Structures are given as structure tokens and as C-alpha cells.
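Coordinate-derived values only; no laboratory data. Worth saying up front: this structure is predicted, and the values here are computed from it rather than measured. Every residue, glycine among them, receives a Cβ derived from its backbone with ideal geometry; neighbour counts consider all protein chains shown.
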Amino acid sequence: MQKSTEQPANNVTHNPFAQTFFHGTKAELKIGDFIQPGFQCNFADRKLRYVYVSATLTAAIWGAELALGSGQQRIYLVEATGEVEDDPNVTDKKFPGNPTMSYRSVYPFKIIGEVATWNGHSAEQIQAMKEGIKKLAEQGVDMIID
């Protein structure tokens, strides 16, 4: 008799050899929770079909700093539960070749940790980025290919 090594979908365990990613947000979550599509976008007043992550801490810091809302800025370490693709919002529009290592998926990401200490951008840099996002929105530019 052979044992099954398959895990039920709701009981995903950490794979020490799996690619891990960062997700910056203001959502208060805990280890073991899943970040799923269909929730509020960090940067705009709309729900998204994808979850966006990065393999670089720098991009996740921007995600946390630019997230809408008044909650604490957080950066989670996450694992994919399904297929991941390059984020076309960054790779096609701004940085061909994906040097920011930004990705997205229609599948949830499991939270396996939280980055407790990180160095953010200056208040001036954050304000300039927020003003740039606001200006694009006022011009009718849809910054998110979802």
C-alpha cells in the first residue's frame, strides 16, 4: 500500500524549495492566511482579478507605502499556490525584461511570514509617487492591466 502525498487544497504546507515572494499591503493578516484575488487594489478603488507580488523587497516596500487606507504598512512573505506570470503592468509598460521581478496570479498566495523590519522611502518620495498616481488617474490613464 502506498501513502498519498497529496495535501488537500485548504491544508497547503510550506515547501522549503518553493519560490517565495513579497506582498506589500496595509491588510492585517496572519501566517497561514491566503491573499486571494477579488479584493481591493492597493492603489485604486477597485477589486482585482489577480494578486500581485514581487521577488524583491524594494517593490514590496512601494506596495506597502502606496496602499490605500490607514492601516499599518506590512510586507508579507508568501508562496504561490498555482501558476504565476510576469506582471504586465511593470514588464510591458515600464521595464521590459522584468528587472523588478514583479509577478501576478489568479491563484491565492499563502502567507508564510512577515518582514518585521524594513527601510522605507522618505515622506517626500512617497508623496511624489502618490501625486504621480493621482495625476495619471485624473488623465484617465488606467495604470493596472487586470
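Taking a Cβ cut-off of under 15 Å around Ser122, the surrounding Lys, Arg, Asp and Glu residues balance to a net charge of -2, with basic ones at +1 and acidic ones at -1. Across region 18-138, the relative contact order, built from alpha-carbon pairs under 8 Å that are at least six residues apart, equals 33 percent.
Given 0.36 nm per residue, what is the gain on full extension from Thr20 to Glu85 after removing their alpha carbon distance, in nm? Please report the intermediate quantities before stating the final value.
Working: separation 65, 0.36 × 65 = 23.40 nm, distance 1.38 nm.
Value of the extension gain: 22.0 nm.
Return the subset of Lys47/Lys130; Lys30/Lys134; Lys30/Lys135; Lys47/Lys135 for which the Cα-Cα distance in this structure is over 29 Å, preserving the input order. Going by Cα-Cα distance, Lys30/Lys134; Lys30/Lys135 fall outside the 29 Å limit. Modelled spin-label separation between Asp33 and Ile133, with each label point placed 7 Å from Cα along the Cα-to-Cβ direction: 1.9 nm.
Given a Förster distance of 25 Å, report the FRET efficiency between Glu124 and Asn98 from their Cβ-Cβ distance, rounded to the nearest 0.05.
Between Glu124 and Asn98 the formula returns 0.35.
Distance from the Cα centre of region 38-107 to that of region 122-137, in angstrom? Each part's Cα centre sits 17 Å from the other's.
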